[in-house]
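Throughout, read-outs are computed from the coordinates displayed, never taken from laboratory work. In this text, all values refer to a predicted model and were calculated from it rather than measured experimentally. A quick note on method: Cβ atoms are made from the backbone with ideal geometry, for glycine too, and the neighbour counts reach across all protein chains shown.
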Amino acid sequence: MPEPVQLLASAVSRWGEDEWSRGAWSLIGVDGTPADRTTVGSPVGTRLRIAGEGTHPTRAGMTHGAHEQGVQAGEWAAARGHRRVVVVGAGIAGLAAAQELRGRGVDVQVWEARDRVGGRAVGVEVGGSTFDLGANWLQQFDENVLARTVEALGLRTVATDFTDPLVLGSPTGGVPRPEGLTRGLRERLAVAAPGTSIGQVVEEWLRDPRPWTAEVVRRFVDAEVVMDTGVPLSSLSARHGFEAGVGEGDRWIVGSYRRLLDHLAEGVDVRLRRPVRRVEVRDDGVLVAGADEEVHDGEVHADAVIVTVPFAVLAAGAVEFVPPLPGGHRDALARLPTGRVEKVVLRLDRRFWPEHAAGYYRVHGPGAGSVSEWLDAAEADGRPTLVGLFAGPWVEELWAGEDEAVARAALGVVTAALGL
C-alpha cells in the first residue's frame with residue numbers, strides 16, 4: 001500500500017467571509033439583464049460613477065473587463081474637467097482609473113480598505129512559490145489588454161483548456177465533449193420566459209434529457225454553470241445568467257498576478273487601510289469620509305469620486321451615499337447578485353495525479369451541485385502543486401473549518417476520486 005500523500009503547505013481563500021469582497025464576482029439574477037450592468041456603471045450626475053467588473057456588459061467577472069471599465073471611468077472624470085478625483089478601491093478597476101487620470105494630469109488619490117492593492121486578485125506564498133488565491137486567469141487572451149501588459153513585462157503564462165478537463169473518479173472519464181450539451185442548454189435558455197431561472201429550465205430538461213442521461217446533464221450543468229457562478233441555479237436568469245467569456249484562450253500567470261498588480265499600481269497615490277464609509281455629493285464637489293475609529297479617520301474633498309468596490313459590498317450598505325444612489329441604480333444592483341467560489345492551493349510531497357495535456361481536472365461530488373476543478377501547477381512551478389476551485393454545497397461543507405482543515409478536506413476530495 002502506498003504511503004499517504006503529505007500536505008507540505010497550503011493556502012485557503014475566504015472570499016465569501018471577506019468584508020471587502022463578500023463573494024467572488026457579480027452575476028445576473030433571475031429578474032436581471034445585461035442592461036443592469038450598464039445602469040450601475042452609468043454616471044450619477046457629474047461627480048459620481050461606479051466602475052468595476054460588474055459594470056461591464058460583456059466581460060463581467062473578468063479582470064480585463066474591470067480594467068476597461070476603470071479606464072472608461074477615468075476618461076469620464078477627466079472629460080468633465082475634474083482636476084481632483086478620489087477613487088474608492090485599489091482593485092484592478094480602481095488602479096486602471098487612477099492610472100488613466102494620472103496620465104491626464106489629474107490629482108488622484110486611491111482609498112483602499114485593505115492593507116494591499118489588488119482587491120479580489122492576490123498572490124500568496126505557498127511553499128516558497130507565489131500563487132493566485134483570487135483572480136487566476138487572463139481570459140480571452142488574444143483580445144485582453146492586460147495580456148498585452150503581461151507580455152510586455154515578460155511574464156510567463158500557461159494556457160488552460162477548460163473544454164478538455166480530465167474528470168477524476170468517473171469510470172467513463174466524465175461527460176461527452178460538451179458541444180452538443182452547450183448548444184442544448186443555450187437553446188433552452190434562449191426561449192425561457194422573462195423571470196425564469198436557470199434552475200427551472202434545467203429541471204424541465206432533466207425530465208427528458210435524451211439523447212443524454214439525467215446524470216450527464218446534471219454534471220454538465222454543475223461544471224458549466226455552478227462552477228462559474230457559485231450560486232444556486234434558482235438565483236440566475238435563464239435568459240442572461242449563463243454569461244460567455246470563460247474558456248476563450250485563457251492563460252494563467254506563473255508567479256501570480258502580483259507583478260502585474262505592482263505595475264498597475266506604480267506611481268499611484270494609494271492610501272491603504274482607508275475604508276470609505278460615506279460618499280457625499282455636493283454642488284461644489286464630493287466629500288469622501290473614512291472610518292471614524294480603529295483604522296483611520298479623516299475625510300477628503302475632491303471634484304469627483306469613482307467607486308470600484310464589489311457590488312456585494314455596495315449592496316450590504318458598507319458605503320453610505322448622500323444623497324442615496326438613484327432608484328434605478330439601486331434596483332439594478334439588487335438584480336446583480338454575487339456568487340461564492342473559493343480556492344485552495346496545495347503544495348504536496350509528490351505527484352499522485354495523472355498527467356493530462358490540458359493541465360485541468362474536475363471532481364464531482366456525490367450530491368448535485370458539488371463540483372471542484374483543479375489546475376495542475378506542478379510543471380510550471382517545478383514542484384507538486386494543485387490549485388483547486390470549489391463551488392456549490394461543497395463550499396459550505398468544507399469551508400466550515402479552519403484553513404488547515406479545509407486544505408486537508410480538499411486534498412481528500414482529490415485522493416478519494418483517485419481511490420487513494
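Kirkwood analysis of the Cα pair distances in region 38-120 returns a hydrodynamic radius of 12.4 Å. Note on region 4-160: with charges restricted to the Cβ of Lys and Arg (+1) and Asp and Glu (-1), its dipole about the Cα centre is near 500 debye.
With a Förster radius of 45 Å applied to the C-beta separation of Arg83 and Ala334, the computed FRET efficiency comes to 0.85. Using the Cβ of Ala391 as centre and a radius below 10 Å, the other residues enclosed give a net charge of -3, where K and R count +1 and D and E count -1. Radius of gyration over Kirkwood radius for region 24-72, both on Cα atoms: the Rg/Rh ratio is 0.97. How big is the Rg/Rh ratio for region 316-420, C-alpha atoms only, Rh by Kirkwood, two decimals? In region 316-420, Rg relative to Rh is 1.16. By the combined test of axial Cα extent (at least 20 Å) and Kyte-Doolittle hydropathy (mean at least 0.0), the qualifying DSSP H helices of the chain come to 403-417. Each other residue within a Cβ distance under 12 Å of Leu189 adds +1 if Lys or Arg and -1 if Asp or Glu, for a net charge of 0. All Cα-Cα separations within region 66-224 were binned at 10 Å from zero, giving a P(r) of 8, 24, 23, 24, 17, 5, 0, each value a whole percent of the pairs. For region 22-27, the Karplus equation 6.51 cos²θ - 1.76 cosθ + 1.60, evaluated at θ = phi - 60°, returns couplings of 6, x, 9, 9, 7, 9 Hz by residue, with Gly and Pro reported as x. In a fully extended conformation the segment linking Thr213 and Leu418 would gain 71.4 nm over its present Cα-Cα distance, using 0.36 nm per residue. With N as its number of residues, region 246-339 has a Cα radius of gyration that, divided by 2.2 N^0.38 Å, comes to 1.37.
Relative to the current alpha-carbon distance between Arg148 and Arg350, full extension at 0.36 nm per residue lengthens the span by 69.2 nm. Test of understanding: in a Gaussian network model of the chain with alpha carbons linked when under 10 Å, which of Ala24, Ala192, Ala135 would top the mean-square fluctuation ranking? The residue that fluctuates most here is Ala192. If the viscosity is 1.567 mPa s and the temperature 4 °C, what Stokes-Einstein diffusion coefficient in µm²/s follows for region 183-334 when Rh is the Kirkwood radius over Cα pairs? Estimated via Stokes-Einstein, D reaches 65 µm²/s. Counting every alpha-carbon pair across region 234-293, the share separated by more than 19 Å comes to 68%. Taken over the alpha carbons of region 1-86 as equal point scatterers, the Debye sum produces base-10 log I(q)/I(0) values at 0.20 Å⁻¹ of -1.00.
Rg of the Cα atoms in region 1-156, relative to 2.2 N^0.38 Å, amounts to 1.20.
Model label sites at Asp164 and Asp107, defined 7 Å from Cα along the beta-carbon direction, differ in position by 5.6 nm.
Counted by neighbouring Cβ atoms within 10 Å, the residues Trp76, Trp137, Trp212 run from fewest to most as Trp212, Trp76, Trp137. 3J(HN,Hα) couplings calculated from phi for region 272-286 with the Karplus curve 6.51 cos²θ - 1.76 cosθ + 1.60 (θ = phi - 60°) are, in sequence order, 7, 6, 10, x, 8, 9, 8, 10, 10, 9, 10, 5, 9, x, 10 Hz; Gly and Pro show x. One decimal place: the segment Arg186-Leu272 gains 26.6 nm when fully extended, by the rule 0.36 nm per residue minus the C-alpha distance.
For the chain, the C-alpha radius of gyration sits at 0.99 times the compact-globule guess of 2.2 N^0.38 Å, with N the residue count.
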